[in-house]
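A short worksheet on the structure shown next.
The values are calculated or read from the model by the stated rules, or taken from the named source; none is laboratory data. Treat the numbers as computed from the prediction; the structure is a model and nothing was measured. Backbone-built Cβ (ideal geometry, glycine too); neighbour counts: all protein chains shown. Each accessible area value is taken on the protein alone, full model and side chains, heavy atoms only, with ligands, DNA and RNA left out. Shrake-Rupley method; radii C 1.70, N 1.55, O 1.52, S 1.80 Å.
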Amino acid sequence: MAEPHAHAAAHDDHDHKPHGWRRWVFATNHKDIGTMYLVLSCTMFFIGGIAAECIRLELFRPGLQFFDPQFFNSLTTMHGLIMIFGAIMPAFVGLANWMVPMQVGAPDMALPRLNNFSFWILPFAFTLLIGSFFVPGGAPAGGWTMYPPLILQTGAAFPMLIFSVHLMGMSSILGAINVIVTIMNMRAPGMTLLRMPLFVWSWLITAYLLIAVMPVLAGAVTMLLTDHFFGTTFFTAAGGGDPVMFQHIFWFFGHPEVYIMILPAFGIISEIIPTFSRKPLFGYEAMVYAVASIAFLSFIVWAHHMFTVGMPLAAQLFFMLSTMLIAIPTGVKVFNWTATMWKGSLSFEPPMLFALAFLFLFSIGGFSGLMLAMVPADYQYQDTYFVFAHFHYVLVTGALFSIIAAVYYWLPKWTGHMYDMKLGTWHFWLSAIFVNVLFFPQHFLGLAGMPRRIPDYAVQFTDWNMVSSIGAFGFGLSQLLFPYLIIKCIRAGRAAGNRAWEGAHGLEWELPSPPPFHSWTTPPSDAVIARGAAH
Amino acid sequence: MAAPSGAPVTVAHGPADEAERRRRVRRTAILFAVIAAAFYFGFIALVLLRGAK
């Protein structure tokens with residue numbers, strides 16, 4: 001029998017953890033749950049990626065090659081839903097789980113059991129969603145925006161879609177409550193709001209956005225459900241309903257949703273650029289106010305997604321101008337990141353490379369967004385590949401690149417090992433080149449009039465479609481380097497010190513690498529917080 | 001860029017602090033849960049009731 005003192009000592013080290021499957025199924029530790037979110041996100045990224053590769057394979061040449069049009073539409077719909085709700089959002093939640101408690105000096109998230117529940121909802125949601133490929137009528141094919149009346153024609157997959165969207169929404173709301181409660185209550189003494197890292201700030205604001213808009217999506221899909229099964233006619237013109245109303249409700253959720261997917265990215269870039277510039281972030285407070293302004297503006301711009309459905313001139317002008325206003329806080333951020341690098345002692349490790357690519361390529365997505373904000377121009381661009389190119393520059397070279405940058409930035413902290421820098425640099429250059437080969441020609445296709453969501457196209461679009469598809473194959477293949485590099489790093493590598501990067505500041509870098517199972521069992525001192533403060 | 005050292009890394013955190021923190025966590029969690037539930041179910045109820053008129 002073990003000595004009682006030895007048992008007590010084992011409990012005093014704060015590093016005891018459950019083993020085997022119980023560690024994951026009953027996980028309440030923020031790092032374990034963060035890891036599960038990141039693994040789920042990576043899995044969904046590759047499933048959504050396979051759908052994307054199938055789409056580009058079909059579009060490599062004009063004419064129908066491999067898939068019938070209905071299945072092609074299912075692929076585009078599922079690609080969108082899986083990437084948004086399955087890859088990007090869970091990745092940011094995983095990063096928040098890992099980093100927020102460590103960055104604010106807390107031992108864990110405030111509500112660990114709720115955290116477990118939030119995560120474990122998701123595998124069921126995505127099993128339902130992906131399972132819809134195998135039911136009569138096939139997967140939903142009405143686009144990720146689920147516009148009626150088309151989406152109401154979905155077969156047996158319809159209730160699966162609606163239920164899975166509800167589950168994803170609930171998971172997001174519960175996760176958001178946890179983030180807010182953690183940041184409001186679990187900060188170490190001395191970690192004032194304006195000492196918090198930008199990543200924590202951006203997540204706090206994102207969490208408020210999630211609580212505000214996810215219920216709107218829930219309401220919209222519930223109306224679809226009652227239209228389909230209970231004889232209501234919210235969106236059916238024949239019964240006095242209005243399909244355009246769905247678009248308004250959907251985009252009242254949908255535009256803030258875009259910012260839910262990009263504000264944490266702003267936080268990540270604001271962590272990485274100062275580290276590899278070896279300078280404090282330029283204009284910390286302005287960055288906080290810029291993120292908050294962008295979040296506020298996201299509520300009053302939704303109708304720019306639907307100029308062409310018809311609305312009064314005053315409404316068009318309002319939504320055009322309010323959309324253009326977003327360029328101001330976004331410009332503040334880009335200026336501050338650039339000013340942070342100015343006269344810095346720059347080095348170009350993989351996190352910095354991806355952050356720089358974010359800066360340039362996200363700006364391209366921002367500029368094409370400004371073009372789309374102009375009502376007369378939007379009449380030309382609506383539903384063309386130009387829109388497609390715009391939002392992929394925002395979400396792939398913006399959100400996805402920031403997630404990759406974050407993983408490369410914090411991986412040495414998580415694993416205790418430095419990773420293969422050369423392989424990471426290869427991953428960057430292959431990604432950066434192929435992503436532009438993939439998406440830049442789609443601007444030309446859109447300007448020439450190629451519509452979205454079609455499995456076949458007129459022959460004059462062939463060349464740029466071939467180039468785009470080659471880019472897609474190259475981009476897809478080069479992403480295989482990423483999990484390989486991560487697994488290699490988990491298994492072995494040069495030991496990473498507490499402060500894995502020379503210029504890194506923040507509480508997470510005061511902990512050992514890898515950090516103990518429970519991070520800050522006693523709060524960090526004010527001196528430690530002060531030297532880690534973001535500015 | 002080496003961080004200055006010498007300062008204590010952590011500070012004392014007694015049971016009273018922990019109890020107070022738990023109270024605050026519970027209060028904030030309930031507040032935001034009520035707000036989120038009101039939004040979630042309120043919005044669904046609102047659209048269904050308005051639509052039924």
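Checking A:Leu167 against (1) of a type outside the set (Phe, Trp, Tyr); (2) within 14 Å of chain B (Cβ to nearest Cβ); (3) under 21 Å from A:Ala87 (Cβ atoms); (4) crowded, with 21+ Cβ neighbours inside 10 Å, which test does it fail?
Failing condition for A:Leu167: (4).
Kindly evaluate A:Ser347 against the criterion of being touching a residue at least 24 places away in the same chain (Cβ under 8 Å), more than 21 Å from A:Tyr393 (Cβ to Cβ), touching a helix residue (DSSP H, G or I) at 6+ places or on another chain (Cβ under 8 Å) and of a type outside the set (Val, Ile, Thr).
yes
Being modelled with pLDDT of 95 or more, surrounded by fewer than 20 Cβ atoms within 10 Å (Cβ to Cβ) and not polar (S, T, N, Q) is the requirement here; does A:Phe348 meet it? Can you show your working first?
On the way: modelled with pLDDT of 95 or more: yes; surrounded by fewer than 20 Cβ atoms within 10 Å (Cβ to Cβ): yes; not polar (S, T, N, Q): yes.
Here the answer is yes, as A:Phe348 does meet what is asked.
Considering only residues that are within 12 Å of chain B (Cβ to nearest Cβ) and of a type outside the set (A, V, I, L, M, F, W, C), which ones fall in region A:172-219?
Result: A:Ser172, A:Gly175, A:Asn178, A:Thr182, A:Asn185, A:Arg187, A:Pro189, A:Gly190, A:Tyr208, A:Pro215, A:Gly219.
Can you find even one residue in region A:382-389 that is over 16 Å from the mean Cα position of the chain (by Cα), hydroxyl-bearing (Ser, Thr, Tyr) and surrounded by 23 or more Cβ atoms within 10 Å (Cβ to Cβ)?
yes
Go through region A:64-88 and report how many residues are open to solvent by 20 Å² or more (accessible area, probe 1.4 Å) and either part of a helix (DSSP H, G or I) or touching a helix residue (DSSP H, G or I) at 6+ places or on another chain (Cβ under 9 Å) (or both).
11
Give region A:489-503 a look and list any residue that's of a type in the set (Lys, Arg) and surrounded by 15 or more Cβ atoms within 10 Å (Cβ to Cβ), or say none.
Scanning region A:489-503 gives a single hit, A:Arg499.
If A:Ser469 satisfies every condition in (1) within 14 Å of chain B (Cβ to nearest Cβ); (2) at pLDDT 95 or above but one, which is the exception?
(1)
Within region A:445-457, does at least one residue satisfy the condition of being within 14 Å of chain B (Cβ to nearest Cβ) and not in a helix (DSSP H, G or I)?
no
Which residues, counting only those in region A:511-529, are open to solvent by 30 Å² or more (accessible area, probe 1.4 Å) and either facing chain B (nearest Cβ under 8 Å) or closer than 14 Å to A:Pro101 by Cβ (or both)?
A:Pro516, A:His518, A:Thr521, A:Thr522, A:Asp526, A:Ala527
Given A:Gly532, A:Gly474, A:Gly506, which one is facing chain B (nearest Cβ under 10 Å), open to solvent by less than 30 Å² (accessible area, probe 1.4 Å), in contact (Cβ under 8 Å) with a residue 24 or more places away in the chain and within 27 Å of the chain's Cα centre (by Cα)?
Going through A:Gly532, A:Gly474, A:Gly506 in turn, the sole match is A:Gly532.
Among what's in region A:483-503 and is in a helix (DSSP H, G or I) and within 25 Å of the chain's Cα centre (by Cα), pick the residue that is nearest to the other protein chains (Cβ to nearest Cβ).
Looking only at region A:483-503, we keep the residues that are in a helix (DSSP H, G or I), and these are A:483-491.
Checking which are within 25 Å of the chain's Cα centre (by Cα) leaves us with A:483-490.
Details: A:Pro483: 32, A:Tyr484: 32, A:Leu485: 26, A:Ile486: 27, A:Ile487: 31, A:Lys488: 28, A:Cys489: 24, A:Ile490: 27 Å.
Within region A:483-503, the match that is nearest to the other protein chains (Cβ to nearest Cβ) is A:Cys489.
Would you mention how many residues in region A:223-234 are on the phi < 0 side of the Ramachandran plot and either crowded, with 23+ Cβ neighbours inside 10 Å or free of Cβ contacts under 8 Å to residues at least 60 places away in the same chain (or both)? Talk me through it step by step, then tell me what you get.
Restricting attention to region A:223-234, the residues satisfying the condition of being on the phi < 0 side of the Ramachandran plot are A:223-230, A:232-234.
From what is left, the residues that are either crowded, with 23+ Cβ neighbours inside 10 Å or free of Cβ contacts under 8 Å to residues at least 60 places away in the same chain (or both) are A:223-224, A:226, A:230, A:232-234.
Qualifying residue count, region A:223-234: 7.
Can you name every residue in region A:235-271 that is within 14 Å of chain B (Cβ to nearest Cβ), assigned to a loop (DSSP other than H, G, I, E, B) and either in contact (Cβ under 8 Å) with a residue 24 or more places away in the chain or open to solvent by 40 Å² or more (accessible area, probe 1.4 Å) (or both)?
A:Phe235, A:Thr236, A:Gly240, A:Asp242
Considering only residues that are more than 8 Å from chain B (Cβ to nearest Cβ) and in a helix (DSSP H, G or I), which ones fall in region A:221-234?
Residues satisfying the conditions are A:Val221, A:Leu224, A:Leu225, A:Asp227, A:His228, A:Phe229.
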